[in-house]
Amino acid sequence: MPQSTFPRAGAGSPSGGDPAHLSILLVEDDDDIREAMAAFLEAEGYDVVQAIDGDDALRKLRASSDRICLVLLDLFMPVKNGWEFRAEQMADPAISAVPVIVVSADRNARDKANTLGALEYLAKPVDFDRLLGTIATYC
């Protein structure tokens, strides 16, 4: 995978040691998955902003772009899917630099993540150790 040029905020440490400062935007339409992932990440010291679809995610990202260090993005969602979210994100200079990691059950998620310009992908069900390692690279 390509290396990110996004500045790291204290690699290996949740939010650079200041969980209240930086956040992860978790974009997932399945309530159970979103809530379980958010609870896990919060227990690990991360601040998590939850979004139920791409439209909700864009609103929250624009409102908090200075605090969000990473987007965990599902692809298949109602209202605005992952592709639509990513196209709009990339077209907006204020939020285009925020790195995205695709999280999907789709067996072609790696290829789809590449076409979206996402830095990485994680398959569902999520391996939580891999999730933490991936997040530590960017937050």
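The values are calculated or read from the model by the stated rules, or taken from the named source; none is laboratory data. All figures in this text were calculated on a predicted structure; none of them were measured in a lab. With ideal geometry, Cβ positions are generated from the backbone for all residues, glycine too; neighbour counts draw on all protein chains shown. For the accessible areas, the whole protein counts, side chains as well, though only heavy atoms, and no ligand, DNA or RNA atoms are used. Shrake-Rupley method; radii C 1.70, N 1.55, O 1.52, S 1.80 Å.
Of the residues that sit in segment 47-85 and are in a loop (DSSP other than H, G, I, E, B), modelled with pLDDT under 95 and of a type in the set (A, V, I, L, M, F, W, C), which one is nearest to the chain's Cα centre (by Cα)? It would help to see each step written out before you state the result.
So the first thing to find is which residues in segment 47-85 are in a loop (DSSP other than H, G, I, E, B), and the list is 52-53, 64-67, 74-81.
Those still in the list that are modelled with pLDDT under 95 too: 64-67, 74-81.
So of that shortlist, the ones also of a type in the set (A, V, I, L, M, F, W, C) come out as 75-77, 79.
Numbers: Leu75: 11, Phe76: 14, Met77: 14, Val79: 18 Å.
Checking each candidate, the answer is Leu75.
Of the conditions (1) surrounded by fewer than 17 Cβ atoms within 10 Å (Cβ to Cβ); (2) in contact (Cβ under 8 Å) with a residue 40 or more places away in the chain; (3) under 23 Å from Lys112 (Cβ atoms); (4) not hydrophobic (A, V, I, L, M, F, W, C), Asp32 clears all except one; give me its number.
(2)
Rundown of residues vs (1) part of a helix (DSSP H, G or I); (2) at negative phi; (3) open to solvent by less than 40 Å² (accessible area, probe 1.4 Å), yes/no style:
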position	(1), (2), (3)
Pro93	no, yes, no
Ser96	no, yes, yes
Ile101	no, yes, yes
Asp106	no, yes, yes
Asp111	yes, yes, no
Thr115	yes, yes, no
Ala118	no, yes, yes
Val126	no, yes, yes
Arg130	yes, yes, no
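Just need a number here: residues in segment 57-80 that are open to solvent by less than 40 Å² (accessible area, probe 1.4 Å) and either among the β-branched types (Val, Ile, Thr) or more than 20 Å from Ala38 (Cα to Cα) (or both).
3
Pull out all pairs, ordered by first then second residue, where Cβ-Cβ is under 6 Å, the residues are six or more apart or on different chains, the first lies in segment 113-135 and is within 12 Å of Val103 (Cα to Cα), and the second is open to solvent by 30 Å² or more (accessible area, probe 1.4 Å) and polar (S, T, N, Q).
Hits for this filter: Leu119/Ser4.
Please determine whether any residue of segment 39-46 is loosely packed, with under 14 Cβ neighbours inside 10 Å, within 13 Å of Glu28 (Cβ to Cβ) and at pLDDT 95 or above.
The answer is yes; a qualifying residue exists.
Six or more apart or on different chains, Cβ under 8 Å: which pairs go from a residue in segment 39-56 that's touching a residue at least 40 places away in the same chain (Cβ under 8 Å) to one that's open to solvent by 30 Å² or more (accessible area, probe 1.4 Å)? Could you list them?
These pairs meet every condition: Phe40/Phe128; Glu44/Pro14; Glu44/Leu132; Tyr46/Pro14; Tyr46/Pro19.
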